[in-house]
Every structure is written in structure tokens, then in C-alpha cells.
Amino acid sequence: MVAGLVALGITSYGQADYAFKVLANKGANEYKSKGGAWQPVKTGISLTVEDEVKVSENAYLGLVSKSGKPLELKKAQNYKVADLLSQLGSGTSVMSKYTDFILSSNSAEAKKNRLSATGAVHRGEPTALSVYLPPAQNSFVFNNSMYVVWEAPKAGGPYVVTLLDFYEDVIMKVETPETSIKLDLSDPKLASRKNFLVQVSSNADKKVHSEGIAVKRMDPAEQEKIKKAYAEIAADLKDETAFDKFILAGFYEQHGLIIDALSSYEEAVKMAPDVESFVEARNEFLYRNKLAVQKQ
């Protein structure tokens with residue numbers, strides 16, 4: 001599945017004549033080619049070295065260069081693409097394979113293919129609470145923190161998130177009025193745990209709860225592989241901005257780390273809730289990984 005998406009990304013977005021690709025877009029931004037008219041910027045388009053970009057007031061653009069380097073534009077003004085490219089300096093980055101993955105995964109064709117896929121959808125019992133965590137075979141976590149996110153049931157909140165060991169003894173409980181919570185896996189109660197179960201219930205109706213869903217730590221050898229892969233992009237990705245988190249989500253997803261990918265998407269959306277590109281990409285991630293069902 002992943003290999004297919006990567007191949008699609010290389011095919012669809014691997015043009016040789018572009019300078020930047022637009023990964024995220026907010027506002028009435030425009031661009032024009034040499035001798036052409038201004039036209040709206042859309043996520044996924046390519047900009048050439050001869051193009052010019054106009055960023056509007058209170059707008060935002062997240063770009064990635066052909067060499068794989070990210071660039072954010074927030075100031076309202078006109079930019080020549082050639083000048084933007086020169087700001088990044090020389091050198092290449094392997095990050096382009098992750099940004100290609102993001103673009104191909106969120107392309108119109110990918111959405112069309114996902115929506116046309118057939119198959120029965122299990123809606124669950126009326127008392128079931130849907131938590132956006134993957135099945136056991138994909139339940140590994142790399143980082144020392146993670147988000148648990150769930151769909152609000154009709155009963156509403158507040159909610160209790162209960163962590164249990166595999167004997168179903170309670171490790172800890174946390175209450176929240178929100179439909180998500182960030183867990184610190186370095187907490188003394190969790191730091192030595194190689195795995196645990198997550199269960200979410202509604203305080204408004206005790207009968208409404210999720211099943212216990214497994215979360216497992218990666219073994220040291222696999223952790224080292226991810227650390228090595230991350231080191232290849234660390235110089236260009238500081239993990240400080242919403243755009244960094246957005247790109248990191250693609251990195252984690254391509255490495256099969258669904259929990260870490262969702263956590264990065266959640267961080268991106270929380271840091272920049274007005275950038276619709278981040279929200280849409282997070283939702284597409286949930287749908288294609290079958291963590292959530294798109295409302296018809």
C-alpha cells in the first residue's frame with residue numbers, strides 16, 4: 001500500500017521543471033507565470049523558477065523545494081520564486097520522498113480511489129465509542145508522547161481515559177472534557193511499560209465506552225532504524241512549526257507509525273487551526289487508514 005502511494009507520488013509530482021510544490025495553502029493567494037495572468041494557488045501545484053507568488057493578508061503558504069527543503073510564507077507581499085529558491089542555498093534533502101508521499105496521499109485521484117473502494121463498514125454497537133487508534137499489528141509507538149483521539153458519542157462528555165495493563169489492571173486514569181488527550185509516555189507510571197491498553201468512556205453515560213486498544217513500544221532495533229531515517233531530514237526539519245509537524249506526519253506514516261503520524265497531525269492542527277490544508281490532510285489520513293469513517 002505504502003509503496004504504491006510512493007510510486008504514485010513520484011509519477012504524479014516528479015516533474016523535472018518545478019522549483020517548489022505547494023503542500024499547504026490558506027487564504028486568497030495567487031501566482032502567475034512569466035507573461036501570464038494571476039491565478040489562485042491550490043494545494044499540490046508546482047511553481048517554476050520564473051513564477052511569482054502573491055501572499056494575501058492573513059494568509060499562509062507551505063512550500064517544499066525540488067531539493068526537498070521546506071519554506072513557509074506568512075508575510076503579505078509578492079515573492080519571486082527565483083529569490084525564494086536562492087534563500088534556501090544549495091544541497092539536497094531526502095525529505096522530498098516524504099513530501100511526495102503527502103501530496104500523492106491527498107491528491108484528488110487518491111481521494112477518488114478511496115471513495116470508490118467498496119466493502120462493509122462495521123458501525124459498532126450503540127454504546128460503542130470510536131477511538132482513532134490502529135489495530136494491534138500497527139499499534140507501535142516511537143515517541144515518548146502520543147495523542148489519543150476519539151469521536152464524540154451522542155452521550156457527550158466529559159470523558160475518562162483509562163490505561164490498563166494486559167491483565168486489565170488499571171495503570172492510570174485521566175478525565176477530560178475534550179475529545180483528545182496527550183499522553184506523556186515518560187510518566188513514571190508508564191515509562192517502564194512495554195505495552196498497555198487504552199480505553200475511553202463517557203462520564204455522561206457509563207455504558208458508552210470503547211474496547212481496550214493495545215499500544216506497544218517499538219523494540220530498540222526498530223527505534224534505531226527510525227532515528228537513523230529521521231537524522232537524514234533533521235537538518236531541514238526543526239520540529240517547531242505546524243508545517244514541520246505536518247511533514248513529520250508524512251514521515252511517520254510512510255514508516256508505518258500510525259500513532260505517531262496522528263499525533264503529529266494533531267499538533268499541526270492545534271498549532272495552526274485556521275490552515276484548512278492541515279485539517280483536511282488529517283481527516284484524509286484517518287479515512288485512508290480506516291481509523292474513522294467519512295460521513296456521507
Among region 167-203, those whose backbone N falls under 17 Å of a label point 7 Å along Cα→Cβ from LYS216 are 167-168, 193-198
Total charge of the residues flanking VAL81 in space, meaning their Cβ is under 10 Å from its Cβ, with Lys and Arg +1 and Asp and Glu -1, is -3
Low-density loop trypsin sites (Lys or Arg not before Pro), region 24-99, at most 15 other Cβ within 10 Å, DSSP non-H/G/I/E/B, are LYS34, LYS42, LYS74, LYS75
Pseudo-spin-label distance ALA292 to LYS194, built 7 Å along Cα→Cβ, given in nm, is 3.4 nm
Once MET172 and ASN78 are pulled to full extension, the length gained, defined as 0.36 nm per residue separation minus their Cα-Cα distance, is 28.6 nm
Here FRET efficiency (C-beta to C-beta, ASN138 to GLN87, R₀ 45 Å, nearest 0.05) is 0.70
1/(1 + (r/R0)^6) with r = Cβ-Cβ of LYS182 and GLU50, R0 = 51 Å, i.e. FRET efficiency to nearest 0.05, evaluates to 0.70
If ILE247, ILE259 are placed from fewest to most neighbouring beta carbons inside 10 Å, the sequence is ILE259, ILE247
Semi-axes in Å, largest first, for the chain (Cα gyration tensor, √(5λ)) are 37, 21, 18
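Here, each number is a calculation from the coordinates, and none is a lab measurement. This structure is a prediction, so every number in the text was calculated from the model and none was measured. Cβ coordinates were reconstructed from backbone atoms using ideal geometry, including for glycine residues, and neighbour counts include every protein chain displayed.
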